[in-house]
């Protein structure tokens, strides 16, 4: 006889809370399903305007920083506005309601339909920008969204929801198209939401990603990165240093797209270090590296007190006494090893750049593979170069879904106005990272497609067309 689990009152409350939210979502979606493309686009515009407004972006950024302690205020404002502007650009004029494509030759008509109620689990690093970004994409497909923020990010997500509902009132859209889990947010609520929703998307911690992927529901869950940038001997050193500095320091390195390591060819190593120092980077000696490591990891676990904090605070936490260290914009630590015994080789979520020296370009590629195989495989990589053959070579050899050439990683991985990647705050790493998606999350991941097939003239190949080359080479 199977054991029967007896639910306590807390279990019942959790199930009831989520069930009630799901019912409200489904009721709203019934109305939403009848919306025209124009009406749907207005809903998306409403969400975008709710966060893009300067006073709103600023209020959300301040609240997020106050309650999470992660990142930089100015960068959070920039992120909210830039990502929203880019995402709305990507969604503008795109069909997502009714017939979206007709292939006359193949007799296929594609009709877009919703995936359903979307559970959007979002990280404490972006409690305003990420839920707005996912909501825009999901609503584009006439889905509803229930946001599951981190406990520290709940207040920010709640304020965002108030802004969104205020815009919905203007256009007469149901409030329950977008909901946020009530406080106090906890693992039980989030996990139950993932079980009851129709589709799950998770951006954040490895545990949340695992729970999303094992929830039993279709999902687009993405996790950690560990971006490595290579600087080869042909690179424009000053430009490369500037871009790596911008990427490393943006929002105090809260993003999976911030540079974590730089691999520099030996011929330009010293020159690159000087260029990075000119950008405010402080090169730690071995003693200072040890102090940083002791401050950032306690018994092998990342110390939350040193995550995504300002560089001067990190210097204080680590006991770095040099005046230049206290005034640094970021820190550099020289490394040669990779793996658990070398914690600086992984993702840090801190304004610390790990620096490696490679004898040549082949050595740089080999080292980069080693780093990514330890952590970050599938996510992203960068190359600063003027040699087209190196671009071709790294594209063939490095297993990542995004390879940015001469770009600021943190700006470009999630879409940019000067590259062709779509704007997002959730980036898949494909099977290399154990993800269902390898591309940037977009509205297409929130669509079910009905393919209506009509009869067309038969296209039947001859045996010769299919096997002649094989027969000629190997015989029948």
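Selection of region 217-234 for residues being over 22 Å from residue 370 (Cα atoms) and in contact with a helix residue (DSSP H, G or I) (Cβ under 7 Å, 6 or more places away or on another chain) yields 217, 219, 220, 221. Looking for something surrounded by 14 or more Cβ atoms within 10 Å (Cβ to Cβ), in the same structural domain as residue 205 (by TED's automatic domain parsing), in a helix (DSSP H, G or I) and out of contact with any helix residue (DSSP H, G or I) (no Cβ under 6 Å at 6 or more places or on another chain) - is there at least one such residue anywhere in region 145-153? Taking every residue of region 145-153 in turn, none turns out to be surrounded by 14 or more Cβ atoms within 10 Å (Cβ to Cβ), in the same structural domain as residue 205 (by TED's automatic domain parsing), in a helix (DSSP H, G or I) and out of contact with any helix residue (DSSP H, G or I) (no Cβ under 6 Å at 6 or more places or on another chain). Residues in region 258-272 include at least one that is assigned to a loop (DSSP other than H, G, I, E, B) and in contact (Cβ under 8 Å) with a residue 24 or more places away in the chain.
Of everything listed in (1) part of a helix (DSSP H, G or I); (2) closer than 26 Å to residue 66 by Cα, the single unmet condition for residue 139 is (2). In region 28-69, the qualifying residues are those that are surrounded by fewer than 19 Cβ atoms within 10 Å (Cβ to Cβ) and in contact with a strand residue (DSSP E or B) (Cβ under 9 Å, 6 or more places away or on another chain), and the one that is nearest to residue 155 (Cα to Cα) is 33. Counting only residues that are in contact with a helix residue (DSSP H, G or I) (Cβ under 9 Å, 6 or more places away or on another chain) and over 23 Å from residue 203 (Cα atoms), region 390-416 holds 8 of them.
Among strands (runs of 3 or more DSSP E) entirely within region 299-384, having at least 1 residues that are outside the structural domain of residue 65 (by TED's automatic domain parsing) and within 29 Å of residue 438 (Cα to Cα) singles out 352-358, 378-384.
The set of residues from region 336-374 being crowded, with 19+ Cβ neighbours inside 10 Å, out of contact with any strand residue (DSSP E or B) (no Cβ under 6 Å at 6 or more places or on another chain) and closer than 16 Å to residue 393 by Cβ comprises 361, 365, 372.
The selection criterion, being part of a strand (DSSP E or B) and assigned by TED's automatic domain parsing to the domain that holds residue 185, holds for residue 109.
Taking region 19-95 as the region of interest, the helices (runs of 4 or more DSSP H) fully inside it that hold 3 or more residues being farther than 20 Å from residue 149 by Cα and under 25 Å from the mean Cα position of the chain (by Cα) are 37-52, 73-91. Report every pair of residues separated by at least 6 positions or lying on different chains whose Cβ atoms are under 7 Å apart, first residue within region 71-100 and in the same structural domain as residue 257 (by TED's automatic domain parsing), second modelled with pLDDT of 95 or more and buried (at least 19 other Cβ atoms within 10 Å of the Cβ). Hits for this filter: zero, empty list. When the helices (runs of 4 or more DSSP H) confined to region 171-254 are screened for residues that are at pLDDT below 95, those reaching at least 3 such residues are found at 206-213. Starting from residues that are on the phi < 0 side of the Ramachandran plot and either in the same structural domain as residue 85 (by TED's automatic domain parsing) or not in a loop (DSSP other than H, G, I, E, B) (or both), keep the ones in region 426-437 and report whichever is surrounded by the fewest Cβ atoms within 10 Å (Cβ to Cβ). Residue satisfying both the conditions and the ranking: 431.
Does residue 275 meet the test of being surrounded by fewer than 18 Cβ atoms within 10 Å (Cβ to Cβ), on the phi < 0 side of the Ramachandran plot and without any contact (Cβ under 8 Å) to a residue 40 or more places away in the chain? Break it down into steps so the answer makes sense when it comes.
Values: surrounded by fewer than 18 Cβ atoms within 10 Å (Cβ to Cβ): no; on the phi < 0 side of the Ramachandran plot: yes; without any contact (Cβ under 8 Å) to a residue 40 or more places away in the chain: yes.
The answer is no for residue 275.
The listed residues are 452, 408, 460, and the only one of them that is modelled with pLDDT of 95 or more and under 30 Å from residue 145 (Cα atoms) turns out to be 452.
The values are calculated or read from the model by the stated rules, or taken from the named source; none is laboratory data. Note that the structure is predicted; figures quoted are calculated from it, not measured. Glycine gets a Cβ as well: all are built from the backbone with ideal geometry, and neighbour counts include every protein chain shown.
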